[in-house]
Amino acid sequence: MTDEYFELELPVAPAVMVGDQILVEGTDIPEQQIESAICRHLGLPEPVAAKKGIIDRLFNR
């Protein structure tokens, strides 16, 4: 990393930022959490989590 990058105070990759908020840095994040953060940032209602079906519950998806 360069000194210029550190001066920007950005998170180390891989990272997900929404606006000025760092959601996650260095790990994976579920798509639902990303969608919720984007909606909050835009002032929209958060999406409702989809209900798991019988197959998803059996195979822990």
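The values are calculated or read from the model by the stated rules, or taken from the named source; none is laboratory data. Because the structure is a prediction, the values reported are computed rather than measured. Using ideal geometry, Cβ is built from the backbone for each residue, glycine included, and neighbour counts are taken over all protein chains shown.
For this structure, a couple of remarks:
- Scanning region 1-37 for residues that are of a type in the set (A, V, I, L, M, F, W, C) and at pLDDT 85 or above turns up ALA15, VAL16, MET17, VAL18, ILE22, LEU23, VAL24, ILE29, ILE34, ALA37.
- Close pairs from region 38-61: first closer than 25 Å to VAL16 by Cβ and at pLDDT 80 or above, partner of a type in the set (A, V, I, L, M, F, W, C) and in a helix (DSSP H, G or I), Cβ under 6 Å, at least 6 apart: GLU46/CYS39
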